[in-house]
Amino acid sequence: MARYVQAHMTVAGIAELPLFRRAETLDLLYIGYGLTVVVLVLASYLAGAFGWLPHDAQAINVALLNAPPFTPGHALGTDFLGRDLLSRLVLGIQAYFLPGLLSVALAIVGGSVLGVLAGWRGGWWDTLITYLANLLDSFPRLVLILLVIAAFKPDIYYVMVVVGITSMPVIANLVAGKIAFLRQKSFIEAAHALGLPGHTVILKHILWFNCRALLVIQATLGMAEAILIETSLSYLGFGVQEPTPSWGNMVLSGANYFLQGNFWPSTAPALAILATILGFQLLGDGLNNLLEGKRRR
Amino acid sequence: MSLLTIENLRTYFYSRAKRAFVRSVDGVSLAVARGETLGVVGESGSGKTVTALSAAGLITGSPGVIEGRIHFGSRNLLDGLERHVQVEERDGRIMAVEKDERGWRRQVDKLMAGVRGKEIAMIFQNPRAALNPYATVGTQLVEAIRLHTRFKGKSEAKERALHWLERVRIDSPRLRFDSHPFGMSGGMCQRVMIAMALSAEPSLLIADEPTTGLDATIQSRIVELLGELKSETGITTLLISHDISVVRRLADRVAVMYAGTVVESGPAARVLQPNANHPYTAALLASVPDAETIRTKSALQAIEGEVPDTINAPLGCRFYGRCNRVTDAVRERCAHAQPPLAEIAPGHKTRCWLKAA
């Protein structure tokens, strides 16, 4: 049931409200949760980088194997070598953070450039980019990543460059489609008639005003995607290598003890993955609704 | 002294499907004197809009403007473009055009730098589509003002924008400043477009069907506004419309276009008189329902036949097939030769064999 309430203010008042007051509760919840996740990830990254951990993440304690949560001194328990799970979870962010950002930045910048070339220049640029995108799309991504690992070395940065490049076609397609749609619009013609230079029209009126929500969504989805890829690879044993912790290889190493009743060492990182990916996705969704200025149902 | 002079302009497009030129504008000459409003009327597809877009250097189709002269003030807006276009002509008809698109575009941008938006401003039909849907009208107005006027600072540009919103009679401009186009009515969007166009204080305003796509009552209000702004600023206007009542209310002089050519031009009162000189003008005027037609519910007088397609424009008078004044005395000439645009009174020209004799 929908309820419509007249606010106790003039209409002028609503337009003057700050952005967040105009948003709907659900969006604010999404964004709030997403931002919490982002802050936690950022804090964990810094904590890991500076070594502010409750325990040494590599310290083996043979006396305390597979300890349950809330064991004194180990808030989340220990893994099969008696290493502190909380410290390893926090340190595990190191595997994603910079590589994830790298892949997202690569995908957004490269995708936008290709999208503008294909959509604005058109002609053989369009043909070439569509062809390359199809070529890239027809190749299973995981196989490509494994090929690169085999050719170079199992380094997370190599993997993330591949993820970034393989994400470009999706973004390029979205941007090119948007541009192809927008250039039919008379406001682009009007912008030319106003005397705005071409690059202002592309950067400001097309990419900034009309594609920013799309790019924000793609960035948050890309971050979630990067985490998922790394997790899958680590689970297969190709990602970050033991003893350096990543959530993927923690799930893998914990899985051996899962059926013996010690489900915690693999469930904790799995839940962390779930919460983080959900956070990025909801953040994108909420921002989309807020930035677009109107809800599309 | 004319501000804008268009001489013998030809703007063609190429239809790949038919492998032929669409002769949208075929030898049009127009002149707009400083301070006057020239109304251009004609059916859809008569080349009105393409003429205006050619003058603003906004033709994107190919081959586009291929011939003619457009003088704006002391500038030649087609200067040097002939170097990028090679035309093959046979028997007075253009058979092939070779065009260096990239050089042509670059030259147009060079010629139009500082003219488009600054000296020649445009307002379009369907104003809601002509505003960026994702930016507030304030942002767009401020952008235009900062681009073209001495108000470069953010706050002074905003003050100026509010001033212009007020001048185009928008209620509570401060509130509307932060509205998006989708939150505003079509008439209000058109007012914003007019504010954007005039804020640069251009010397020529091209209004391309400014009332099309608006409700009838709003149309009247917009025409009223344009008339008021015209008398306040004295801006030279090229008004394009298929709505004769709009042109009658705003224009000092009128040019009637048909199938890519001007068939009659002259002072508004003389051209749009009940017993018009050119048969096409007369037919256009007759097709507008007057109070009497509406009261008696008699049928509207449509013009028989259709606009000839400009690919296979007839050799003779373009209106020949639809003309109801043709007599046996001139029939032969009408069918085989295009009548010249002959002066029948000072400043009043018409393209008809009946008058040319």
*Residue selected from the stretch B:93-110 under the condition away from chain A (no Cβ under 11 Å) and closer than 30 Å to B:HIS242 by Cα, by the criterion surrounded by the most Cβ atoms within 10 Å (Cβ to Cβ)*: B:ILE94
*If the Cβ limit is 9 Å and pairs must be 6+ apart or interchain, which residue in the stretch B:330-344 that is closer than 13 Å to B:LYS355 by Cα pairs with which residue that is basic (Lys, Arg) and in a helix (DSSP H, G or I)?*
B:PRO339/B:ARG333; B:PRO339/B:LYS355; B:ALA342/B:LYS355; B:ILE344/B:LYS355
*So, in the stretch B:252-280, of the ones that are touching a residue at least 40 places away in the same chain (Cβ under 8 Å) and assigned to a helix (DSSP H, G or I), which residue ends up nearest to B:TYR12 (Cα to Cα)?*
B:TYR280
*Does at least one position in the stretch A:221-243 carry a residue that is modelled with pLDDT of 85 or more, in contact with a Ser or Thr (Cβ under 9 Å, 6 or more places away or on another chain) and within 14 Å of chain B (Cβ to nearest Cβ)?*
no
*For B:THR37, indicate whether it is in contact (Cβ under 8 Å) with a residue 24 or more places away in the chain, over 21 Å from B:ASP243 (Cα atoms) and either surrounded by fewer than 24 Cβ atoms within 10 Å (Cβ to Cβ) or among the β-branched types (Val, Ile, Thr) (or both).*
no
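For the stretch A:194-215, name all the residues that are assigned to a helix (DSSP H, G or I) and modelled with pLDDT of 85 or more.
A:HIS199, A:THR200, A:VAL201, A:ILE202, A:LEU203, A:LYS204, A:HIS205, A:ILE206, A:LEU207, A:TRP208, A:CYS211, A:LEU215
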*Residues in the stretch B:69-86: is at least one touching a helix residue (DSSP H, G or I) at 6+ places or on another chain (Cβ under 9 Å), within 11 Å of another protein chain (Cβ to nearest Cβ) and under 30 Å from B:CYS317 (Cα atoms)?*
no
_From the list A:LEU196, A:LEU228, exactly one residue is aliphatic (A, V, I, L, M) and farther than 29 Å from B:ALA207 by Cβ. Which is it?_
A:LEU228
_Consider the stretch B:315-343. How many of its residues are assigned to a loop (DSSP other than H, G, I, E, B) and over 17 Å from B:ALA283 (Cβ atoms)?_
6
_Going by what's in this entry, would A:LEU278 be described as within 13 Å of chain B (Cβ to nearest Cβ) and either surrounded by 15 or more Cβ atoms within 10 Å (Cβ to Cβ) or touching a Pro at 6+ places or on another chain (Cβ under 9 Å) (or both)?_
no
*Does at least one position in the stretch B:145-156 carry a residue that is closer than 30 Å to A:ALA213 by Cβ, buried (at least 19 other Cβ atoms within 10 Å of the Cβ) and in contact (Cβ under 8 Å) with a residue 12 or more places away in the chain?*
yes
_Close pairs from the stretch B:82-109: first at pLDDT 85 or above, partner buried (at least 17 other Cβ atoms within 10 Å of the Cβ) and polar (S, T, N, Q), Cβ under 7 Å, at least 6 apart_ = B:HIS84/B:GLN107
*If a residue has to be of a type outside the set (Gly, Ala, Ser) and either without any contact (Cβ under 8 Å) to a residue 24 or more places away in the chain or not in a strand (DSSP E or B) (or both) to count, how many in the stretch B:40-67 make the cut?*
9
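Take the residues in the stretch B:172-208 that are in a loop (DSSP other than H, G, I, E, B) and within 11 Å of chain A (Cβ to nearest Cβ); name whichever of them is surrounded by the most Cβ atoms within 10 Å (Cβ to Cβ).
Residue satisfying both the conditions and the ranking: B:PRO202.
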*asked:* Taking the conditions exactly as written (surrounded by fewer than 17 Cβ atoms within 10 Å (Cβ to Cβ), within 30 Å of B:ARG105 (Cα to Cα) and within 14 Å of chain B (Cβ to nearest Cβ)), does A:TRP120 satisfy them or not?
replied: no
*When only residues in the stretch B:106-135 that are touching a Ser or Thr at 6+ places or on another chain (Cβ under 9 Å) and outside any loop (DSSP other than H, G, I, E, B) count, which is nearest to A:LYS185 (Cα to Cα)?*
B:ALA121
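Table: residues versus (1) loosely packed, with under 13 Cβ neighbours inside 10 Å; (2) more than 23 Å from B:VAL22 (Cα to Cα); (3) modelled with pLDDT under 75; (4) of a type in the set (Val, Ile, Thr).
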residue: B:ASN275; (1), (2), (3), (4): yes, yes, no, no
residue: B:TYR280; (1), (2), (3), (4): no, no, no, no
residue: B:LEU285; (1), (2), (3), (4): no, yes, no, no
residue: B:VAL288; (1), (2), (3), (4): no, yes, no, yes
residue: B:ALA291; (1), (2), (3), (4): yes, yes, yes, no
residue: B:ARG295; (1), (2), (3), (4): yes, yes, no, no
residue: B:ALA302; (1), (2), (3), (4): yes, yes, no, no
residue: B:GLY305; (1), (2), (3), (4): yes, no, no, no
residue: B:THR310; (1), (2), (3), (4): no, no, no, yes
_Restricting to the stretch A:78-108, and then to whatever is surrounded by fewer than 20 Cβ atoms within 10 Å (Cβ to Cβ) and of a type in the set (Gly, Ala, Ser), can you tell me which residue is farthest from the chain's Cα centre (by Cα)?_
A:GLY82
*asked:* Of everything in the stretch A:177-198, what is more than 10 Å from chain B (Cβ to nearest Cβ) and surrounded by 15 or more Cβ atoms within 10 Å (Cβ to Cβ)? Give them in sequence order.
replied: A:LYS178, A:ILE179, A:ALA180
*Going by the conditions given, is B:LYS152 facing chain A (nearest Cβ under 7 Å) and part of a loop (DSSP other than H, G, I, E, B)?*
no
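The values are calculated or read from the model by the stated rules, or taken from the named source; none is laboratory data. Everything numeric in this text was worked out from a predicted model, so none of it was measured. All Cβ positions, even for glycine, are placed from backbone atoms using ideal geometry, and neighbour counts span all protein chains on display.
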